[in-house]
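Okay, structure first, notes after.
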Amino acid sequence: MKILKLTAENFKKLVAIEITPQGNVVLLTGKNGAGKSSILDAIMSVFCGKKYQPEKPIREGQEKAEVVITTENYIIKRTFTAAGGGNVTITNADGMKATSPQAMLDKLVGEIAFNPMMFIDYDARKQREILMKLAGLDFSDIDTDIAGVKQKRSEVKSAKETYEHEAARIEVPEQTPDEEVGMADVSAEMQAAMLNNHARNQELIEIENIKTTITHLDETLDNEESLIANLKKQIDEITARHKQNLDLKAKHNNKWAELIEKIGDAIDLEPIQQKIDNLDGVNIAVRKKFSKAEYLKKSSAKSKEFAILGTAMKELEAKKAERLAEAKMPIPGLSVDENGVIYEGIPLAQVNDAKKLEIGVAVGMKMNPKLKVIRLNGNNLDSDSLEIVSKMVAEKDFQVWIEKLNEDGKVGIFIEDGSVKTVNEPKQNLFSK
């Protein structure tokens, strides 16, 4: 639905105009203050109502104003009074009037379509929201999953770093055993060593006693042998005693040899006592070693969990990319990322002005498929930009109303003092700078 005819009387700077547009581009030209903007505002006011109605819609010195727009299907008339009142009516081809005209218009009109550069002027978040809605994109489910995974990864990473920090704080002496040493075990070791040493000492004393006895018996035997020759009378007694001493010596020799062979080395008590003295320190080190191992074990587990969550993130991002690739954008190369709208991988804010214009117009047309009318301020547009817009609206069979400063009266619909002064051929000098 496009505008077939526009009439306006006493609206802003307009006295009385009637415009029957030809083609897809309606170029409004004239000097500053001639009334070009008043025509665009009149279109906006008719379709959008009080939300976009100017503060003073009536020309100075007049009591009321009227704007009528004729489309293929409807005649839309909006009136304005000096007291701030007015009404809107919509009549179809059969003469039937709409019962809720503004509600009907709200369903037909998309505000960005009237001014596509509004989309360019929005912040990145708003642009992204609009474009996703246009393309039918909804990442809420994926974004929720991604947010959950990100939160979980953050928690896992924090826990992992905490465990690693706690493990790093624990200093474990070298050669610390893997298990704590019990006092009972060391005490038993000390008791056994002491008993062993005591028994050994007794054996050493016995060895010395036997050795002394043997030495004494040697002396005695020597004396007895020397006395045998002199004491023949006592030979039997001495011989018997001699035999007895020989046997006793043999017995002691055997015992002495047996003890010499059996006796072991003395156990040094100092290392065992040192163990006892260091027992608390060793066991503290063991506990530290265990705690450190536990923290490192937990850290390793969190590393694995972090990696798994990373894979889940990639899968969700791939799912989002797949959904984004399938979306139908207003213009090829247009897309969205986490921060806003991008064009061929470049943030929209960094795209050149000509391409921004093309994108804004494409979005505007996409947002307003029913009422195929857009408006532009063309004072900053060169001939190349105007030609781009012309081709775009022609391809989509849209109608664009453009105001552009021009004083020679030879271009477009020339407005002067609130009235249509001349209507030039649509293609004559249409894209003159």
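Counting each DSSP H run of 4 or more residues in the chain as -39500 (n - 2.57), what helix-only mean residue ellipticity at 222 nm follows after dividing by all residues, to the nearest 500 deg cm²/dmol?
Numbers: 11 runs with 233 residues, N = 433.
When only DSSP H runs of four or more count, the value is -18500 deg cm²/dmol.
Please list the radius of gyration and Dmax for the range 185-284, considering alpha-carbon atoms only, with Å as the unit.
Cα-based Rg and Dmax for the range 185-284 come out at 23.3, 82 Å.
For the chain, take every pair of Cα atoms, bin their distances at 10 Å starting from 0, and report each bin as a whole percent.
4, 13, 15, 11, 7, 6, 6, 5, 5, 5, 4, 4, 4, 4, 3, 3, 2, 1, 0
How tilted is helix 124-134 with respect to the longest principal axis of the chain? Cα atoms for both, answer in degrees (0 to 90, nearest 10).
So the inclination is approximately 70 degrees.
Looking at GLN191, ILE267, VAL156, which one has the Cα that reaches farthest to the positive end of the dipole of the chain (charges on Cβ: Lys, Arg +1; Asp, Glu -1)?
VAL156
Bin width 10 Å, origin at 0, all Cα-Cα pairs of the range 1-146: what percent of pairs per bin?
For the range 1-146, the binned pair fractions read 10, 34, 31, 17, 6, 2, 0 percent.
Nearest 10 degrees, 0 to 90: what angle lies between the long axis of helix 269-326 and the longest principal axis of the chain (Cα atoms)?
Once rounded, one gets 20 degrees.
Tell me the angle of helix 183-230 to the major Cα principal axis of the chain, expressed in degrees between 0 and 90 and rounded to the nearest ten.
Result, in degrees: 20.
Taking neighbour Cβ counts within 10 Å as the exposure measure, how do LYS50, LYS320 sort from fewest upward?
Working: LYS50 11, LYS320 20.
With the fewest neighbours first, LYS50, LYS320 line up as LYS50, LYS320.
So what's the projected area for the range 225-324, the Cα convex hull averaged over all directions, in nm²? List each step's numbers first, then the result.
Numbers: hull surface 56.9 nm².
Computing the convex hull of the Cα atoms and averaging its projections yields 14.2 nm².
Tell me the GluC sites (Glu not before Pro) within the range 13-99 that lie in a loop according to DSSP and have at most 16 other beta-carbon atoms within 10 Å. Write down the numbers at each step before the final one.
Details: sites: GLU18, GLU55, GLU60, GLU63, GLU66, GLU72; in loops: GLU55, GLU60, GLU63, GLU72.
Counting only loop positions with at most 16 other Cβ atoms within 10 Å, the GluC sites (Glu not before Pro) in the range 13-99 are GLU55, GLU60, GLU63, GLU72.
Which whole-number percent of Cα pairs in the range 1-58 have a distance greater than 18 Å?
Details: 541 of 1653 pairs.
In whole percent, the share of Cα-Cα pairs in the range 1-58 beyond 18 Å is 33.
Taking a ≥ b ≥ c as the square roots of the eigenvalues of the Cα gyration tensor of the range 286-366, is the shape rounded (a/c under 1.5), prolate (a/b larger than b/c) or oblate?
Working: a/c = 7.22, a/b = 3.48, b/c = 2.08.
Since a/c reaches 1.5 and a/b is larger than b/c, the shape of the range 286-366 is classed as prolate.
Rounded to whole Å, give me the distance from the Cα center of the range 273-338 to that of the range 1-41.
65
We did not get these values from a lab; they are worked out from the coordinates using the rules stated. All of these numbers come straight from a predicted model, not from anything done at the bench. Here Cβ is always computed from backbone atoms with ideal geometry, including for glycine, and neighbour counts include all displayed protein chains.
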